[in-house]
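Data first, discussion second: the structure below is written as structure tokens.
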Amino acid sequence: MEKFADEVLIEVAAGSGGNGCVAFRRERFIPHGGPAGGDGGRGGSVIFSVRRNLRTLAHLRFRHLFEAENGHDGEGSGRYGKNGEDMVIPVPPGTALFDPDTGALLHDFGKDERDLVFLKGGNGGWGNIHFKSSVNQAPLQALPGQKGSRRKLKIELQLLADIGFVGFPNAGKSSLLDRFTRARPKIAPYPFTTKIPNLGMLRVDDRDLILADIPGIIEGASEGAGLGIQFLKHISRTVALAFLIDLSEDTYHEAFGILCRELEAFSPELLRKKRVIIGTKLDLEGSAEHLDDLKKIYPDEMIFGISVYSGEGIPETAALFMKLGEVET
């Protein structure tokens, strides 16, 4: 079973610089050679790099310390120490770095996906070759390498998508994503099939739209019930929301209200987003009548009915998604 991780605590450490060397030239016919101690190498840096093939933080889940390599010490004959290898930590788009103690945002990869040198490696120490002077022809002085810094981090992931699918488990979110895109999410007729958010691209004409299938919400999710708050975070950056309601369920008329209350309890901002209600499983008996009832119950909402299996309503929904996904300027 795939494990979902959208928040991890780690410690990162830059490499320390190598020590400078005290050494002298000792060559034939030069019995009193000058200083020849090389500098220590620079310690490796801690670098975060956005990788678009990553969807979760699961690769960071079972490792808590990420250390760059220390620089090597300088050597005689003016040889400089080798620089330490950087520690490159790959993260998915939408990752944010926080101070775990204060909660302060340190960097947001949702706004800037360039590589980030988070901790710079320590400088290498000078060898005694730097300390020769007119009054000290044979210096015995060299500098130690600079210590690498360490820091604890909280890393959070918020999915970046245009349209976020919101609904109870088994509402048909994964099936719709599969119909529109090539994401190929895991689909089965039992609740909580989706354990991690799935992203897919919907292409209409020459436009692309990113859709996000968020794992099913249950009543009490805003208070941590079920998989709860972990997944509500992931729809905070979407442009619009699609509320998927299973028209074959007896509680179809209550679902939208419950979902809205959970979203509002988590963040009132979520209900200010553009939205549409999508009634699913229109091919099943009684679903068409239930769709008509929904339109009467919520006359001010945009409501569409679809069947992933028969294709009914799919083209119209795709066109609507493209319109909803437009960012207002």
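Structure summary
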{"quantity": "Any pair with Cβ under 6 angstrom, 6 or more apart, that starts in segment 242-253 at a residue that is more than 11 Å from Ile277 (Cβ to Cβ) and ends at one that is part of a loop (DSSP other than H, G, I, E, B)", "calculated": "Asp246/Ala171; Asp246/Lys281; Ser248/Lys281; Ser248/Leu284"}
{"quantity": "Matching residues in segment 271-302 - criterion: being within 28 Å of the chain's Cα centre (by Cα) and farther than 14 Å from Gly167 by Cβ", "calculated": "Leu271, Arg272, Lys273, Lys274"}
{"quantity": "Breaking point among (1) surrounded by fewer than 20 Cβ atoms within 10 Å (Cβ to Cβ); (2) more than 32 Å from the chain's Cα centre (by Cα), for Gly305", "calculated": "(1)"}
{"quantity": "Conditions (1) on the phi > 0 side of the Ramachandran plot; (2) assigned to a helix (DSSP H, G or I); number of the one not met by Gly311", "calculated": "(2)"}
{"quantity": "Strands (runs of 3 or more DSSP E) contained entirely in segment 4-118, each with at least 1 residues that are outside the structural domain of Gln146 (by TED's automatic domain parsing)", "calculated": "none"}
{"quantity": "Breaking point among (1) at pLDDT below 95; (2) crowded, with 18+ Cβ neighbours inside 10 Å; (3) farther than 19 Å from Ile47 by Cα, for Ala138", "calculated": "(2)"}
{"quantity": "Ala221, sole failed condition from (1) of a type in the set (A, V, I, L, M, F, W, C); (2) modelled with pLDDT of 55 or more; (3) buried (at least 19 other Cβ atoms within 10 Å of the Cβ)", "calculated": "(2)"}
{"quantity": "Given (1) in contact with a strand residue (DSSP E or B) (Cβ under 7 Å, 6 or more places away or on another chain); (2) assigned by TED's automatic domain parsing to the domain that holds Leu60; (3) over 30 Å from Val22 (Cβ atoms), index of the condition Gly167 fails", "calculated": "(2)"}
{"quantity": "Extreme residue, surrounded by the fewest Cβ atoms within 10 Å (Cβ to Cβ), among residues of segment 262-288 that are under 21 Å from Lys173 (Cα atoms) and charged (D, E, K, R)", "calculated": "Glu285"}
{"quantity": "Residues of segment 36-56 that turn out to be hydroxyl-bearing (Ser, Thr, Tyr), out of contact with any Lys or Arg (no Cβ under 6 Å at 6 or more places or on another chain) and at pLDDT 95 or above, as a count", "calculated": "1"}
{"quantity": "Residues of segment 265-303 satisfying the condition of being under 13 Å from Leu176 (Cα atoms) and in contact with a helix residue (DSSP H, G or I) (Cβ under 6 Å, 6 or more places away or on another chain)", "calculated": "Gly279, Lys281"}
{"quantity": "Those residues of segment 127-160 which are among the β-branched types (Val, Ile, Thr) and under 30 Å from Phe98 (Cβ atoms), in sequence order", "calculated": "Ile155"}
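The values are calculated or read from the model by the stated rules, or taken from the named source; none is laboratory data. Note that the structure is predicted; figures quoted are calculated from it, not measured. Cβ sites come from the backbone with ideal geometry, for glycine too, and all protein chains shown count toward neighbours.
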